[in-house]
1. Which residues, taken from the stretch 239-287, are surrounded by fewer than 20 Cβ atoms within 10 Å (Cβ to Cβ), touching a residue at least 24 places away in the same chain (Cβ under 8 Å) and of a type in the set (Asp, Glu)?
2. Can you tell me which residue among ILE361, ILE455, ILE414 is within 19 Å of the chain's Cα centre (by Cα) and either open to solvent by less than 60 Å² (accessible area, probe 1.4 Å) or β-branched (Val, Ile, Thr) (or both)?
3. Pairs needed: first member in the stretch 455-466, among the acidic types (Asp, Glu); second member anywhere, in a loop (DSSP other than H, G, I, E, B); C-beta distance under 7 Å; at least 6 residues apart or different chains.
4. Going through SER115, SER150, SER100 one at a time, which residue ends up being under 22 Å from the mean Cα position of the chain (by Cα) and at pLDDT 95 or above?
5. TYR130 versus (1) modelled with pLDDT under 90; (2) among the hydroxyl-bearing types (Ser, Thr, Tyr); (3) in a helix (DSSP H, G or I): which is the lone unmet condition?
6. Every residue in the stretch 133-162 that is assigned to a helix (DSSP H, G or I) and open to solvent by less than 40 Å² (accessible area, probe 1.4 Å), please.
7. Pick from the stretch 163-177 the residues that are assigned to a loop (DSSP other than H, G, I, E, B) and at pLDDT 80 or above: which of them is nearest to the chain's Cα centre (by Cα)?
Amino acid sequence: MGIKSWLSKPYANWISRQTERDKRNPIECQQKVFRNIIGCGQATSFGKQHRFEQIRSYPDFREQVSVMDYEAYRPWIDRVASGEKNILWPGLPLYFAKTSGTTSGVKYIPITSDSIHNHIDTARNALLNYIRVTGKSAFADHRMIFVQGSPVLEKHGVVDTGRLSGIVARYVPAYLQKNRLPSWETNCIDDWEAKVDRIVDETINERMSLISGIPPWLRMYFEKLVEQSGKPVGELFPDLQLLVFGGVNFEPYRPVLDKLIGRKLDTLELFPASEGFFAFQDTFPGDDMLLNVNSGIFYEFIPLSAYFSPNPERIPLEEVKCGVDYALIVTTNAGLYAYSIGDTVRFTSTNPYRIKVSGRISQFISAFGEHVIASEVERALSETLKICPARIREFSVAPMIDPKKGNPHHEWLIEFEQEPESMEKFAETLNDAMCRTNIYYNDLIKGHVLDGLEITRLLPGVFDNYMRQRGILGGQNKVPRLSNDRSFADQLYSVNRELTPKTAQNTEND
């Protein structure tokens, strides 16, 4: 056992005691966070306009501050970027985290001297909690990858601006700097494929013990490692102990990643975003995450079923129920108030408060009234893969509203690495799983409003090429799981045609 591994255990115990106190007193923590944010926000332009000095309770806040998305915040952000102080939070933010929105284009999310600790400390706490619960700390002695955007900053107005992961990279503690890969120079590479190639070169001969990234990035990196070394990743890196991931459900990728690794590894799920680090997995094994209740974020929730109604009900943490999908609304010490981040969550426990990310508000299928969300298609697919083994690189689902024959149905566009033995059985099993998962879908199938789902097999590389053509390959960019129209599916068809050999196209035309 190395010195870092040895020292990490008492440190983990100390930090975990703080986490345990927060778990036992979540509502008190939230009330304290709320009071601090409202108190700091009173002297800001936003606070004055919304009469923060009159806010004495959560109902007061709910009455005076409406739920806002980024478009509603854009004028305030523009004022901050121009150099005006005390607009959303005292002074100016340290940074803007630059992120791509699905409806708002590029977004600039403020990170303040108060909120930066949420991002840094929560990542640290998640790893230390893993050490405390499992007793495994050997990874601290060897090399670790934290896949990050470029740490190079630009200016948006007067504020330093960059990708969240690149900003956080500047705060990696000194005692981990020697363990961390890739190098600063490699992290600064903008072209994602060139960056992954360089990461492979830098890591292939190292003693890697921890690798962190979203599952699509892990797949790409592992494929290149296997191609160069001729070995499974788990054999190439015998000290590899832990995969850390977030942003995308791991389960649909598990069969592909398990094959590339060649052995089982521990996994640690995180829920970070530019707006805040909201949750992390605290049990092992486990498939949910502990809500971060005492780190500068006050939470509200809107039942997803009511989100688009004129005056949707907002509730605080103490009123949530398990099994309900909620739109996540946050008020933070970065100067965001009643801000809708676009993600939906589902509580698995209220003692303590644990969640799963269930999807995006903007990603659903309800073309026929079925109200299907991302977590449902991912759960149905995971169940199906246990019965009909296959390996899937990527997938997306869209409605087929006006088919050439038969009734409307859902079309699953899937890029297989290994197809199931029987595609017919796979589709039937998947459709049955969807019927069990979503009662509205089941009713539409039984009522013959919808036919059973159909699977379209896409050529290898379609999803990567789609992302590459739009300059969003790699990093934290994710494939839309669901679309309520045909626009994304049509774009995938277009890329699929580009990759289809001309001889095959001619055969199809004949």
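1. ASP239, GLU251, ASP266, ASP287
2. So the residue among ILE361, ILE455, ILE414 that is within 19 Å of the chain's Cα centre (by Cα) and either open to solvent by less than 60 Å² (accessible area, probe 1.4 Å) or β-branched (Val, Ile, Thr) (or both) is ILE361.
3. Listed pairs, sorted by first residue: ASP464/LEU473.
4. Details: SER150 fails: at pLDDT 95 or above; SER100 fails: at pLDDT 95 or above.
It is SER115.
5. (1)
6. PHE139, ALA140
7. Step by step, filter the stretch 163-177, then rank; the result is ARG163.
Rundown of residues vs (1) acidic (Asp, Glu); (2) open to solvent by less than 10 Å² (accessible area, probe 1.4 Å), yes/no style:
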{"site": "PRO303", "(1), (2)": "no, no"}
{"site": "GLU313", "(1), (2)": "yes, no"}
{"site": "VAL320", "(1), (2)": "no, no"}
{"site": "VAL324", "(1), (2)": "no, no"}
{"site": "ILE329", "(1), (2)": "no, yes"}
{"site": "TYR339", "(1), (2)": "no, yes"}
{"site": "ARG346", "(1), (2)": "no, no"}
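The values are calculated or read from the model by the stated rules, or taken from the named source; none is laboratory data. Since this is a predicted model, take the numbers as computed values, not measurements. In this analysis, Cβ positions are derived from the backbone assuming ideal geometry, glycine residues included, and neighbour counts consider all displayed protein chains. Only protein heavy atoms, including side chains, enter the accessible area calculation; ligands, DNA and RNA are left aside. Shrake-Rupley method; radii C 1.70, N 1.55, O 1.52, S 1.80 Å.
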